[in-house]
Amino acid sequence: MQKGACNSPLNFCYLWQLLEYLGEMVNAQQSTMRMARQLTHLCSGSGVGIRKGIMVASRRVEGLPCSISLRGVRVRGMSNLPENAVYGGPKSQSPWKRITLNHLARKYEKGEPITMVTAYDYPSAVHVDMAGIDICLVGDSVGMVVHGHDTTLPVTMEDMLLHCRAVARGASRPLLVGDLPFGSYEESKEQAVASATRLLKEGGMDAIKLEGGTPSRVTAAKAIVEAGIAVMGHVGLTPQAISVLGGFRPQGRNVASATKVLDSALALQDAGCFSIVLECVPSPVAAAVTSALRIPTIGIGAGPNCGGQVLVYHDLLQMMQHPHHAQVTPKFCKHYGNIGAAISEALSKYREEVVSKKFPSAAYTPYRISQPDVNDFVTELDRRGWDKAGAAAAAAAEDDSNAGDPRIGTLPD
């Protein structure tokens, strides 16, 4: 620590937070005092107030829990702003807190596969986050999986922003990548940069993904990278191009097509993309592209030789039982659960219990009213001429009393 670095109230606040944390961790008063003296030495010549504050903490820690004495001094030594108003800096971008491009690059260099899952809302993002997935993609496939369209083409920028914001609220660890939807980046590189900027500023994404490796798409990718936004490329089967592909058809199954996949990937790499998605291409083609590139490939229906793999959240959990979803679920998707069947069973059981009046039972009727209040309430209803309502209230109170205590009690008002 350089001399003079402790003059700022912000640094002072940080020092006290560090001191308090270490003191509580070691749970030893003498160790805390030693740390205080060491900080005093480090801050020598840098603000009398800080040195005094640390020495006060050293003295006051005797006979008191470390956290209590230090917490009091820390508030006293801060600026004149309320404690919760002091700026604490941006959220940590440590690889152990939030996945970054540097973290992905290190995994790729070590030969560690990168994991990616496509998710579209807050609940799925929370699960992806808890599972330790590296990248969470908010894909325009939301149009098919969530909104029931036959293709991804109807998805708008507003649709993507809505889902990106929901995912950003649920996932704090993985790198967040948002798809540029069809029609949001084809007109010009200026349009592409503007759309990509919105996904970061309004959608909370860390990077964007765009489809295709044609010269116009490569130009768009390069412009977005030069604007300071990380770009993931996407070649092979590109769902936004089904009009020219003739449907959702695998690519790279002949020499010309395989060479095109490779050339497109190389061009996107030269444009500055940090990774390339390879969708629905034969394994030998994916292996060749992966070997030729200096950046990781993420395979989806491209075999095991890519730098990582991606599947759609709903697909890998087999959440949907509807015939429409069965038609669009790809052949390459492995089911790691049968959540759809569990959902259907649970909903059917709920319906049956409501119809049979088994739900809600007393166990799930937690809000109670005291008997004296019931009596007064019934009296008031009778006074107003609502005899039937009073009788219903009295009967319900008697049922609650006979049924026993609720599963979870409630606190009194």
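Miscellaneous remarks
- For the residues Thr219, Thr151, the requirement of being closer than 27 Å to Ala271 by Cα and among the hydroxyl-bearing types (Ser, Thr, Tyr) singles out Thr219.
- Residues within region 330-378 that are closer than 19 Å to Gly404 by Cβ and either among the polar types (S, T, N, Q) or touching a residue at least 60 places away in the same chain (Cβ under 8 Å) (or both), tallied: 4
- Residue list for region 371-389, restricted to those being in a helix (DSSP H, G or I) and exposed (fewer than 10 other Cβ atoms within 10 Å of the Cβ): Pro372, Arg383, Lys388
- Given (1) in contact with a helix residue (DSSP H, G or I) (Cβ under 9 Å, 6 or more places away or on another chain); (2) open to solvent by 40 Å² or more (accessible area, probe 1.4 Å), number of the condition Val145 does not satisfy: (2)
- Across region 118-131, the number of residues qualifying as more than 16 Å from Met160 (Cα to Cα) and touching a Cys at 6+ places or on another chain (Cβ under 9 Å) comes to 2.
- Of the residues examined, Met157 is not one that is buried (at least 16 other Cβ atoms within 10 Å of the Cβ) and touching an Asp or Glu at 6+ places or on another chain (Cβ under 7 Å).
A quick yes/no check of all residues on (1) of a type in the set (Gly, Ala, Ser); (2) more than 21 Å from Val310 (Cα to Cα); (3) not assigned by the TED database to the domain that holds Leu311:
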site	(1), (2), (3)
Ala125	yes, no, no
Asp134	no, no, no
Val138	no, no, no
Val146	no, no, no
Ala168	yes, no, no
Pro181	no, no, no
Ala196	yes, yes, no
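- Qualifying residue in region 116-127 (condition: in contact with a strand residue (DSSP E or B) (Cβ under 7 Å, 6 or more places away or on another chain), over 30 Å from Ser243 (Cα atoms) and open to solvent by less than 70 Å² (accessible area, probe 1.4 Å)): yes
- Residues of region 223-238 satisfying the condition of being surrounded by fewer than 17 Cβ atoms within 10 Å (Cβ to Cβ) and not charged (D, E, K, R): Ala227, Gly228
- Restricting region 330-351 to residues that are basic (Lys, Arg) and closer than 25 Å to Thr118 by Cβ leaves a set whose member that is most open to solvent (accessible area, probe 1.4 Å) is Lys331.
- Residue check, Gln318 within 20 Å of Leu137 (Cβ to Cβ), open to solvent by 40 Å² or more (accessible area, probe 1.4 Å) and in contact (Cβ under 8 Å) with a residue 60 or more places away in the chain: no
- Filtered residue count, region 352-370, keeping only those that are part of a helix (DSSP H, G or I) and surrounded by fewer than 11 Cβ atoms within 10 Å (Cβ to Cβ): 2
- Helices (runs of 4 or more DSSP H) (entirely within region 239-311) containing at least 3 residues that are at pLDDT 95 or above and crowded, with 20+ Cβ neighbours inside 10 Å: 255-270, 283-292
One line per residue, one yes/no per condition, for (1) at pLDDT 95 or above; (2) closer than 18 Å to Pro154 by Cβ; (3) open to solvent by less than 60 Å² (accessible area, probe 1.4 Å); (4) not small (Gly, Ala, Ser):
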{"position": "Ala168", "(1), (2), (3), (4)": "yes, no, yes, no"}
{"position": "Ala171", "(1), (2), (3), (4)": "yes, no, yes, no"}
{"position": "Pro174", "(1), (2), (3), (4)": "yes, no, yes, yes"}
{"position": "Phe182", "(1), (2), (3), (4)": "yes, yes, no, yes"}
{"position": "Tyr185", "(1), (2), (3), (4)": "yes, yes, yes, yes"}
{"position": "Ser188", "(1), (2), (3), (4)": "yes, no, yes, no"}
{"position": "Ala194", "(1), (2), (3), (4)": "yes, no, yes, no"}
{"position": "Leu200", "(1), (2), (3), (4)": "yes, no, yes, yes"}
{"position": "Glu211", "(1), (2), (3), (4)": "yes, yes, yes, yes"}
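The values are calculated or read from the model by the stated rules, or taken from the named source; none is laboratory data. Note that this is a predicted model, so its numbers are computed, not measured. Glycine gets a Cβ as well: all are built from the backbone with ideal geometry, and neighbour counts include every protein chain shown. The area values use the complete protein model at the heavy-atom level, side chains included, leaving out ligands, DNA and RNA. Shrake-Rupley method; radii C 1.70, N 1.55, O 1.52, S 1.80 Å.
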